[in-house]
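Take a look at the structure set out below.
Coordinate-derived values only; no laboratory data. Keep in mind that this is a model prediction, so the values were computed, not measured. Quick reminder, even Gly has a Cβ in these numbers, built from the backbone with ideal geometry, and neighbours come from all protein chains shown.
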Amino acid sequence: MNWIAVSSIYKFEMTRFFRTITQSFVSPVLSTSLYFVVFGAAIGSRIQEVEGISYGAFIVPGLIMLSVITQSISNASFGIYFPKFIGTVFELLSAPVNFIEIVLGYVGAAATKALFIGVIILATAFFFVDITIQHPVWMVVFLVLTCVSFSLFGFIIGIWAGNFEQLQLVPLLIITPLVFLGGSFYSISMLPPVWQVISHFNPVVYLISGFRWSFFGAADVPILTSLFAIAGFTALCLAVIWWIFRTGWRIRQ
Amino acid sequence: MPDIVEIHDLRKAYSDGFEALKGVTLNIKKGEILALLGPNGAGKTTLISTVCGITTATGGSVKVGGHDTVLDYRAARSMIGLVPQEINLEPFETVMSTVRFSRGLFGKPKNAAALEKILKQLSLWDKKDTQIRALSGGMKRRVLIAKALAHDPRVLFLDEPTAGVDVELRRDMWEIVAELKADGVTIILTTHYIEEAEAIADRIGVIAHGELLLVEDKDKLMARMGKKQLTVQLSKPIDALPASLTSDTLALSPDGESLIYTYDTRAERTGITKLLSDVAAAGLVLTDIETSQSSLEDIFVDLVKEGAV
């Protein structure tokens, strides 16, 4: 393994993040605060408890997941798309590195950034609602796995994208609806039976459910199912990336 | 000198059927400067990209320092530095950070002294903390070279390094190339500027339509294919060559004001003495005489036009 190369890519990407640290920090704090004000205080106060949890606290895991998933995808997709766009990708392709090292560097950095945002949102949440984390270790496991798996997915989007419009297309048209319809702001059990069945085809349901379980001990789907779902998604993304580098699809002529 | 780069029957065909490389075989000696000449679309950049791993070959093999670029790509690529044709740099990075990144990418540990030496050699040291976007085009080209040299490569590919730069910077580049050669770096450069190849290359390769037309020692090529011409200015224009002067190597200029005699300097006799006496005998009065030697550019144009040696 070329660990120096991995570390170089990682540091290079993190430098980009810290260069815009103010907006990286302020933006999630502000948007999360707004969510808590609107859904937690204004609307949430008129909503009954969900599964014995106040609505303001109930949406915390969903809000974290919403930001972590979108941040993972956007950071990872931009991270690899930008070198493609400005042409510096030649350096990666001509360097003595394999696909695992490239992925470790880019995806590692994107996942770290998303994790950072997730922690900030969690910290912000403590200012607005009373929450206790029943399974802190599992909370970290779910958070890290989500950051990694969706960063892998974002990496694929970054390689696939041929322009900035395409870069936004999948997160905007697929991921955001999936996250919103994945139980970020409600429990699946609150839906009519037909929609409950349909929701089980939404992979994000399993992530949010597992993550919420780590907070409150209550979940829409069994915890093991959530773990298998996220592990399967990670494995699928890795397989696709392996295939991309093996064939050079959209990256090597 | 042993061969440091061995390219054997290298082929590259695209999905639309276009053959960018049609079986290129080329050996490059350690420590030499090889200039690859060719018109646009000849396959120069494809050849470099394929050797460096940016493009996947559809046939043939490449070895760098004895390492196959596919089977043993880590060892092969570690020896290669590449300066691309386009100025591809992240605009918001500083000079030092982008050069440091390149070194790390090739698995080399931090070495501030080595990077300082490279940046000083390229007159970039005082710009080390400047963002790339604030640099001039010439400076950006130097940064590209610095990045390519950051991991101490033994083989450096320069893909049209002086394209679009002013004469002064071009000459600076030539000096840099000469210094690298003195350090033992093997240099392969593609260029449109024939004078560049003429000035700094040890050997010349001519590529057209994906085929290597020739590779030859520059001086030998110039001597073998270079023509020398003697131009005799006449005091009065003439309509046709006098019968006594008719020869395959003598021609009348279109305006009839001068005679153009082509000869070989390596021949036992150039025929100049006889020509001048024949001209005098024919009653022609001379006003001036000048000689000229065909440049590498003339040779290159002839070769590409013929399509074969």
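Across the stretch B:12-20, computed HN-Hα scalar couplings (Karplus, 6.51 cos²θ - 1.76 cosθ + 1.60, θ = phi - 60°) run 9, 10, 8, 4, 7, x, 5, 9, 7 Hz from first to last residue, x flagging Gly and Pro. Partners of B:Lys63 within straight-line reach, counting lysines whose Cα lies under 22 Å from its Cα and excluding those fewer than 8 residues away in the same chain: B:Lys12, B:Lys22, B:Lys29, B:Lys30, B:Lys44, B:Lys108, B:Lys181.
Each Cα pair under 8 Å and six or more residues apart adds its separation to the average, and for the stretch B:1-123 the resulting relative contact order is 21 percent. Couplings 3J(HN,Hα) of the stretch B:239-253, computed from phi: 7, 8, 5, x, 4, 6, 9, 4, 7, 5, 9, 10, 9, 9, 5 Hz, in residue order, whole Hz [Karplus 6.51 cos²θ - 1.76 cosθ + 1.60, θ = phi - 60°; x for Gly and Pro].
Here the Kirkwood formula puts the hydrodynamic radius of chain A at 18.8 Å, using every distinct Cα pair. The stretch A:13-59 and the stretch B:234-260 have their alpha-carbon centroids 92 Å apart. A quarter of the convex hull surface defined by the alpha-carbon atoms of the stretch A:69-159 gives 6.6 nm² as the mean projection. If you run the Gaussian network model on chain B, springs between alpha carbon atoms under 10 Å, then out of B:Pro254, B:Pro109, B:Pro39 the most flexible one is B:Pro254.
With respect to chain A, whose longest principal axis is taken over its alpha-carbon atoms, helix A:99-128 is tilted by about 30°. Ordering B:Glu19, A:Glu165 from the fewest to the most neighbouring beta carbons within 10 Å gives A:Glu165, B:Glu19.
Quick check: net charge around A:Leu92, other residues with Cβ under 13 Å of its Cβ, Lys/Arg +1 and Asp/Glu -1? Once all neighbours under 13 Å are counted, the net charge is 0. Here the Gaussian network model covers chain B, with springs between Cα atoms less than 10 Å apart; of B:Asp152, B:Asp72, B:Asp219, B:Asp72 fluctuates the most. The spacing between the stretch A:201-234 and the stretch B:174-230, judged by their C-alpha centroids, is 65 Å.
Angle, helix A:223-247 long axis vs. longest principal axis of chain A, Cα atoms, 0 to 90°, nearest 10? So the inclination is approximately 20 degrees. Three principal axis extents of the stretch B:137-183 based on alpha-carbon atoms, in descending order, are 28, 19, 15 Å.
Per the Debye calculation on chain B with a single equal scatterer at every Cα and no solvent contribution, log₁₀ I(q)/I(0) for q = 0.07, 0.09 Å⁻¹ amounts to -0.38, -0.57.
Each label point was placed 7 Å from the Cα along the Cα-to-Cβ direction; for B:Lys236 and B:Ile289 their separation is 2.2 nm. Nearest 10 degrees is fine. How inclined is helix A:55-86 to the longest principal axis of chain A, computing both from alpha carbons? It is inclined by approximately 10 degrees. Measuring nothing but how far apart in sequence close Cα pairs (under 8 Å, 6+ apart) lie, relative to its length, chain A scores a relative contact order of 26 percent. Note on the protein assembly as shown: helix-only mean residue ellipticity at 222 nm, from DSSP H runs of 4+ residues weighted -39500 (n - 2.57) and normalised by residue number, equals -16000 deg cm²/dmol. Rounded to the nearest 0.05, the FRET efficiency derived from the C-beta distance between B:Lys29 and A:Arg250 at R0 = 41 Å is 0.65. I need the Kirkwood Rh of the protein assembly as shown: take the reciprocal of the average 1/r across all distinct C-alpha pairs and report it in angstrom. Averaging 1/r across every pair of different Cα atoms and inverting gives 28.0 Å. GNM remark for chain A: springs join alpha carbons under 10 Å apart, and the peak mean-square fluctuation among A:Met14, A:Met190, A:Met139 falls on A:Met190.
For A:Lys113, the aspartates and glutamates whose Cα comes closer than 16 Å to its Cα, not counting residues fewer than 8 places off in the same chain, are A:Glu13.
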